[in-house]
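This report concerns only the one structure given below.
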Amino acid sequence: AISTPIISNILLYMMTTSLVPRPRSVSSSLGDDLLRQWFLWATLVLVLFLTIVPPPTADAFSTRPSRRIKHSTGQHGSTLSLTQLQASVADEMDQLKTKKANKGQQRQRRRRPKKKSSHPNSLRDSSSSSSSSSPAPPSTGIWRIYGVEVHPDDLQWDPAVEQKYCRQQKDEDNDETTSSIDDGGSTSTTTTTTTSGSSSSSTATTHQRNDKLFLHPSVVRALEQKLFKTSHHHHHQQQQQEGDGKNVLDPTKIHIVRRSLDARLNKWRADGRGKGPRFTYVVDVELESSLGDDTEIRLKHSPGRTELLPTTTTADDSKNNSPPTRSAIQLQQQTSDNTQEKNAKRKKKKRVIVVGSGPAGLFCALELAQSNEDIQPIVLERGQPVELRGKDIGALMHRRELSPNSNFCFGEGGAGTWSDGKLSTRIGRNSQAVRRVLQTLVQHGAPSVILVDGAPHLGTDNLVRLLRNLRTSLEQEYGTEIRFGTQMTKLLFEGDKAVGVEYTTTKTPITPTRRRGSSSRQEEVVTETGVLMGDAVVLATGHSARDVYEELYRTQQQQDNNGGNSPRVQLEPKGFAVGFRVEHPQRIINEMQYGMEWGTSVRTGKVQTDRRNQEYFENLATSSSQDDERSTHHERIPVPSYRLATDQAWDGAIKRGAYSFCMCPGGQIVPASTDSTHLCVNGMSFSRRDSLWANAALVVTVQPDDPILEPYKEQYGALAGVAFQKDIEKRAAIMGGGNLTVPVQRVTDFIARRTSPTVPSSSYRLGVKSSPCHELYPAPLTDALRDALVNHFEKSMPGFVCDEALLHGVETRTSSPVRISRNGKTMEAEGVQGLFPAGEGAGFAGGIVSAAVDGLHVAEAVSSHLFLEDRENDGAERQEIA
């Protein structure tokens, strides 16, 4: 504040200058005199006020209220007491605090109450959350850490080393098994009771081997950098990077859960080393209370980032989530009645007929055989085992001899055997059922890398070996009967219950030598026709068994026309998708996904493929005059794939879904026809994915109420989608000229609605023919696919639409267009007891893993159905005894 004497002196000076008369000029007016008089009087009043009121002290400004305060006059006239000022300020501050507290309570009431963490080892409880100022406890226990990034140059990944290691470990397992059998082994009873124990021990051994192979030192360093990035250990990390320091974390307490490649080129890496691809890991690490050197890690339980895993995951969870074991069901079956009639009834096994040996059928039969020794599964497969099926496929590819029941669709393992063998799924890759399927595959010969890879795949070569081992396990270890070349022709009912099937067994005569031009493989000899009765029937026929749908629909129509009361299987239409299979040279996909910098890092091990890829990028570098940075990178990253999708494909009237499906990098296109008069294609690849081409299905969705199905609904009803598929396949066969020749068209010409004058090379080995493929489908589907290519796919992957991209017709069997109605609780067909639809053919799955999981669920439902009546009878007997 400015002191009063200074202000007084200034005002007195101004007053004296105002009183001194000045000579009046000619231009002066009366207004100037009045203004000077008013200024003089105002100055006098201000001087008198400053003289009467004493100046405030410094203490009066020590406490400043945050808001305007109304001061009351004290006892001494206009003088404001310091005590009153402090008291008023204190009252005002108390009122402000009270208002803020009330507003905070009101906001808390408006907010949705937070759910308390149900995690058994949650770090936050009610007491700790109330006191936010208290520090979080040290992070102890097993933590799952997501998003651990490793630069490809640091990892130095080599797929050949992984495959060699997996083969060596599998050979060692086989040697151990053989030696144990030679030493005497164990009896069948002991094997039955120790199955779960051996399975868990083998799974643990597999995890240890995976950690030994995949836990590279760069992964440990990246994990420590992620955990310590906010701590005071930057100096220790620097020493580690220089090779002078030791790991803070114990590598033996780190377990690799998943590994995947993030190929996004425009995303910054976590280590600050620019943009580009990086390997991302999900790891489980066991943290102790102290890591040495007074090191503590404090983590927060955040799903999807850092998760504290429960410490007790053994008996309780396994009992609730896994199917009942043999011992558990045996205990449930024991009763107090020990009569000979009761014991004889109990010794009789329940027979379950499983129709189809695809993923759903095989895993259903395996689960039934493993869970209960009183169940005897019998598997009926219209095709041949993989050994004979491979010969039939060889005859098809070399001599165009198509066997209607042993081909790329029918046979042991189903349509997925001769495919890419993808094990990715959208039903939850971390779920217990999915992990159980993957572990079962590893136990029967699949490489253990599928337990770690984010997008695992097997390849046809691994699938053939795996199916052979799985069949041996079912037949020799569990006594399951598998009948190949046996086709179900009719379902048998008693009342409202399925009790068996009629079947026909066919056998193809195999001559020691077959010359070119000899009799066709389609000439099959019928050797047996009979009836097989059972306590339950599982329909796992696959999406290509159209004769099964037609038989069920025919029976349903006859019952409706005759007015019968016998049970009928209800069929309902389901959405599906149709389109083409598009093929690019793999080197173009490498450039689109990895760019110039990383495209040459793809190495398959096949000389021709790698050389063509190298030449392609050298030509690009020469033409674009770009700096070649390939020498700075380790030349090992996976063969890239892609996935495209949109729900905005415009067909001229409505928007449809369009997407890529079953992408096969380094693969080839194969015929998926089951009849020589119908043409359908599919994609496949081997485990190394070393082909020159990459292919994927480009399909457009068709809904059950789609207008394009109206011409088929009146005649075919629920099977309108099946009739539409068959019509398109027949048109494709005619357009290709027959003899399984495929009509093809460049993508650019498909968009321009013109036939391609020339076409590039194709991986399809039975011949291609340039054709107007844009005329195969109805106009709405063609326009929707054209719009998806131009306005969506090309924007997502620039360069996807090019002259080298070749469309092959047609891809129609992406999924089943019909579903067998099923009860959600009992898993039985609606209106029929003892009939259990399963897998992709029944409309409840879409891939190898999802079909296998559905087979496991159906097996649990079958077990509950078979022994429900016995348990009810036992309860009634106990009540009578009581």
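So, in nm, how far is label Ile427 from label Glu477 when the simple model puts each one 7 Å beyond its Cα toward the Cβ?
2.2
What residue among Gln439, Asn405, Leu423 has its Cα farthest toward the positive end of the dipole of region 373-441, where the charges are +1 on Lys, Arg and -1 on Asp, Glu, each on the Cβ?
The listed residue farthest towards the positive side: Leu423.
Which of the pairs Lys655/Lys726; Lys391/Lys730; Lys391/Lys422; Lys574/Lys713; Lys490/Lys730; Lys497/Lys825 have their Cα atoms more than 19 Å apart in this structure?
Beyond 19 Å between Cα atoms: Lys655/Lys726; Lys391/Lys730; Lys391/Lys422; Lys490/Lys730.
Can you grab the distance from the C-alpha centre of region 383-406 to the C-alpha centre of region 711-727, Å, no decimals?
29
Any chance you could run the full-extension gain for Gln703 through Arg305? It's 0.36 nm times the residue separation minus the Cα-Cα distance, nm to one decimal.
Here the segment from Gln703 to Arg305 would lengthen by 139.5 nm.
Just name one of Ser821, Thr782, Val810: the one whose Cα is farthest towards the positive end of the charge dipole of region 765-821 (beta-carbon charges, Lys/Arg +1, Asp/Glu -1).
Positive-end residue among those listed: Ser821.
For Lys507 and Arg554 in one chain, what is 0.36 nm times their gap in residues minus the Cα-Cα distance, to one decimal in nm?
Extra length available between Lys507 and Arg554 comes to 14.2 nm.
Can you give me the % of accessible surface on region 789-836 that is carbon or sulfur? Probe 1.4 Å, all protein chains present, nothing else counted.
Answer for region 789-836 is 45 percent, counting heavy atoms of protein chains only.
Under 11 Å from the Cβ of Glu412, count the other residues' Cβ atoms, weight Lys and Arg +1, Asp and Glu -1, and hand me the total.
Charge balance in the 11 Å sphere: +2.
How much FRET efficiency would the formula 1/(1 + (r/R0)^6) give for Thr252 and Glu775, where r is the Cβ-Cβ distance and R0 is 56 Å, rounded to 0.05?
Using R0 = 56 Å, I get an efficiency of 0.30.
Quick one: if you stick a label point 7 Å off each Cα along the C-beta vector at Phe49 and Ile654, how many nm between them?
8.2
I'd like to check one number: the per residue accessible area of region 396-462, probe 1.4 Å, reported in Å² as a whole number.
About 32 Å² of surface per residue is accessible.
The values are calculated or read from the model by the stated rules, or taken from the named source; none is laboratory data. Computed from a predicted model, the values in this text were never measured in an experiment. Backbone-built Cβ (ideal geometry, glycine too); neighbour counts: all protein chains shown. In case anyone asks, the SASA skips ligands and DNA or RNA and just uses the protein heavy atoms, side chains included. Shrake-Rupley method; radii C 1.70, N 1.55, O 1.52, S 1.80 Å.
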